[in-house]
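The structure that follows is given in the form of structure tokens.
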Amino acid sequence: MTEADRTSAAAPNEVLAAIRSRRVVRSMSDRPVARADLETILDAGRWAPSAGNRHLQRFVATDHPGTLRVLRMLSPGMIARPAAAIVICTDGALAVDFGFRPDVPGPWIDVGTAAATLMLAAHAIGVGAGPVTSFSKAAVATALGLPDGLQPDLIVCLGYPAPGGPGPMRRGRRVTWQDLTTFVP
């Protein structure tokens, strides 16, 4: 690595700062998320990378207290009491039209990139976020009235951190990029 590369890598960068400071919020206050903020987060989601730029994901958003209560009942992994939620769904029919077999991971990877993008967007505007994957897909699809072929894959809970809520989960020392990386020739 040259000196110029080291200087460039160490330079302040808003995106990297947001990545480093974002945390999963597991305890949320009852303060509502403004509809404009929810729309800003959803707009960011459309910019998430997707396989072949096909955008097989669909977002189902709610800030309705009754709907959020039902989602919590169907989602044992939803520890937070969110003020809003975005359910990331995969359009199965569209995936088949594009030639994806049901067992290929491409659409699932797109769910992950969409979730990461939504959570970073939320963080950028001061809204806390946390992902949930522990839920009954069939029950959530029914509760939300999703059409056939639209499968809920991940829920992004949104809200403002509650005072005194749990801090970041720590297990021993902080993991470094070196701990996670192997360079090969």
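Bear in mind that the values in this text are calculations on the coordinates, not laboratory data. Everything numeric here is computed off the predicted structure, so don't read it as measured data. Here the Cβ is made from the backbone with ideal geometry for all residues, glycine too, and neighbour counts use every protein chain on show.
Could you work out the local net charge near ALA162, counting Lys and Arg as +1, Asp and Glu as -1, over the other residues with Cβ closer than 14 Å to its Cβ?
After counting each charged neighbour, the total is +3.
Add +1 for every Lys or Arg and -1 for every Asp or Glu among the other residues with Cβ under 13 Å from the Cβ of SER75, and state the total. Walk me through the numbers on the way to the answer.
Numbers: positive: ARG69, ARG72, ARG81, LYS137; negative: ASP153.
With Lys, Arg at +1 and Asp, Glu at -1, the net is +3.
Using label points projected 7 Å from each Cα along Cα→Cβ, tell me how many nm separate PHE59 and VAL175, to one decimal.
2.7
Moving on to the next point. Taking the dipole about the Cα centre of the chain, with the C-beta of Lys and Arg at +1 and of Asp and Glu at -1, give me whichever of VAL25, VAL87, ALA44 is farthest to the positive side.
Comparing the listed Cα positions along the dipole, VAL25 ranks first.
Ok, one more. Let's see if you can work this out: charge +1 on each Lys and Arg Cβ, -1 on each Asp and Glu Cβ, no other charges. What is the dipole magnitude of the stretch 23-163 about its Cα centre, in debye to the nearest 20?
About 400 debye.
As an exercise, take the mean of 1/r over every pair of distinct alpha carbons in the chain, invert it, and state the Kirkwood radius in angstroms.
18.0 Å is the Kirkwood radius here.
In percent, how large is the relative contact order of the chain, given Cα pairs closer than 8 Å and 6 or more residues apart?
Working: 276 pairs, mean separation 58.0, N = 185.
Relative contact order comes out at 31 percent.
Quick one: net charge around ASP110, please, counting Lys, Arg +1 and Asp, Glu -1 for every other residue with C-beta under 14 Å from its C-beta. Walk me through the numbers before you get to the answer.
Working: positive: ARG46, ARG54, ARG58; negative: ASP91, ASP153.
That works out to +1.
What is the Cα centroid distance between the stretch 96-155 and the stretch 61-92, reported in whole angstrom?
Rounded to whole Å, the Cα centres lie 11 Å apart.
Given R₀ = 25 Å, what would the calculated FRET efficiency be for ALA17 paired with THR133, taking r from the Cβ atoms and rounding to 0.05?
The calculated FRET efficiency here is 0.40.
Got a sec? How would ASP179, ASP30 order by Cβ neighbour count within 10 Å, fewest to most?
With the fewest neighbours first, ASP179, ASP30 line up as ASP179, ASP30.
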